[in-house]
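The structure appears below as structure tokens.
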Amino acid sequence: MNAVNPCPDAEFVPSDYKILVVDDVKTNVLLLQTMMKRANYEVVIAYSGQEAIEKVKTEAPDLILLDVMMPDMNGFEVSKVLKADATSREIPIIFVTALSDSKNVVEGFEHGGNDYVTKPFNMAEIMTRIRHQLALVASRRIILRQNEALQRAIHDRDELYSVIAHDLRSPLGSMKMSLDMLVGCVSSEQVGDDMYELLASTNRTADELFSLLDNLLKWTKTNLGRLNVVKQHFDFSEMVTGVIENMEPLAQMSNIELRLNDTTQGHACVYADNDMLKTIVRNLITNAIKFSHEKSFITVSITIDGEMVVCVVKDTGIGLSQERLEALRQGVQFTSSGLRKEQGSGLGLQLCRNFVKVNGGKMWIESELGKGSAFYFSIPLVTNYN
């Protein structure tokens, strides 16, 4: 067997590694100890299987050279004990044995061995096998450190997003309410067409920013496990109707009509998180407005299909290419600009998927380029709630 060192020599420092040599024959221990020390490895020794187990606990070696044929407790039994313990499971074991037949070699690997060498020792062979196993240890440690650093970076990023979204949400909400009031109180005759259009455009931008921050805050809370799912019984149709009423001003500013088609006849009771479902409907309507032409309409339909209530937000806008439609179906997130230069992050749709899932439903998309899109989601009905 030819061992290949997976790590560059410059990254491998023998003195950084501790090797436990286990053999009941002192001559063998002395020989191996001398070889290891000449190569600048740190060495600890044990003369029995039980002593080896204790040394592993106190010394935490990086590799074990383990004799197979020992009295009381052989090497295979020692390996079985070490591999059953989470603290020592990952320590590589090289069996040292005079038994070179295939049966014993296979048995060694079955007991958790990583490699083996036979007696009498070939110095070059045993040093190469040791170096190979320790190089794998070094590689694994690098991966673990990088993974820990990545997890810290992700956590710090999500914390930053959460702080930014939370601290900006309140002042932006106040600005949004002020702009809503101004747009509702003045007319183009009072301030002129250009000034009114500027005011309306600023109000749309404020709506977009507030929606983005709201989605960002909820998304980070979801990723950090801080967004609680608070389920309650409520009428799905009433919830959707309320969202549509709140979205009317935004649709009117874009000269788009919102239509509701409800066929549930008061039988759409669900047990879900009301705020999450409002966020889903609001995001889907906002998205539809972005990609709909002026003087067009958006239809929000509610139907019952078996044990599910199904809601679809359908527009007659620009639609999606097959490539983008397939990407969305696969959960790919991408940015896009609306017909009135509205900026989209793709975060809202991802949030919708997550919220539908945690409420026990499904979400799917249909679209045709140049003809419009339809975004569906379903939520389980409650059939025996009074």
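The values are calculated or read from the model by the stated rules, or taken from the named source; none is laboratory data. Here the structure is a predicted model, which is why all the values come from computation and not from measurement. Cβ: placed from backbone, ideal geometry, glycine included. Neighbour counts: every protein chain shown.
What to note about this one:
- Selection over the range 291-324 of residues that are among the hydrophobic types (A, V, I, L, M, F, W, C), at pLDDT 90 or above and over 31 Å from the mean Cα position of the chain (by Cα) gives a count of 5.
- Condition check for G173: assigned to a helix (DSSP H, G or I), touching a residue at least 12 places away in the same chain (Cβ under 8 Å) and exposed (fewer than 14 other Cβ atoms within 10 Å of the Cβ): no
- Single match in L179, L209, L227, L199 (criterion: assigned to a helix (DSSP H, G or I) and either assigned by TED's automatic domain parsing to the domain that holds I302 or at pLDDT below 80 (or both)): L209
- Candidates L260, L250, L277 - the one that is hydrophobic (A, V, I, L, M, F, W, C), assigned to a helix (DSSP H, G or I) and over 30 Å from the mean Cα position of the chain (by Cα): L250
- For A149, the conditions (1) among the small types (G, A, S); (2) surrounded by 18 or more Cβ atoms within 10 Å (Cβ to Cβ); (3) at pLDDT 80 or above all hold with the exception of (2).
- Filtered by the rule that a residue be within 18 Å of I130 (Cα to Cα), among the β-branched types (V, I, T) and buried (at least 17 other Cβ atoms within 10 Å of the Cβ), the range 34-61 gives V43, V44, I45, V56.
- Residues in the range 20-64 that are in a strand (DSSP E or B) and aliphatic (A, V, I, L, M): L20, V21, V22, V43, V44, I45, A46, L63, I64.
- Test result for A138, small (G, A, S), loosely packed, with under 12 Cβ neighbours inside 10 Å and either assigned to a helix (DSSP H, G or I) or touching a residue at least 40 places away in the same chain (Cβ under 8 Å) (or both): no
- Cβ-Cβ under 7 Å pairs, at least 6 apart or on other chains, the range 148-161 side assigned to a helix (DSSP H, G or I), far side among the hydroxyl-bearing types (S, T, Y): D158/T220; Y161/T220
- Test: residue in the range 118-129 that is in contact (Cβ under 8 Å) with a residue 24 or more places away in the chain, of a type in the set (S, T, N, Q), surrounded by fewer than 19 Cβ atoms within 10 Å (Cβ to Cβ) and touching a Cys at 6+ places or on another chain (Cβ under 9 Å): no
- Every residue from the range 66-79 that is under 19 Å from E110 (Cβ atoms) and not acidic (D, E): L66, V68, M69, M70, M73, N74, G75, F76, V78, S79
- Those residues of the range 349-375 which are assigned to a strand (DSSP E or B) and farther than 21 Å from K218 by Cα, in sequence order: W364, I365, E366, S367, E368, G372, S373, A374
- Residue check for I94: surrounded by 18 or more Cβ atoms within 10 Å (Cβ to Cβ), closer than 16 Å to K18 by Cα and not assigned by TED's automatic domain parsing to the domain that holds T27: no
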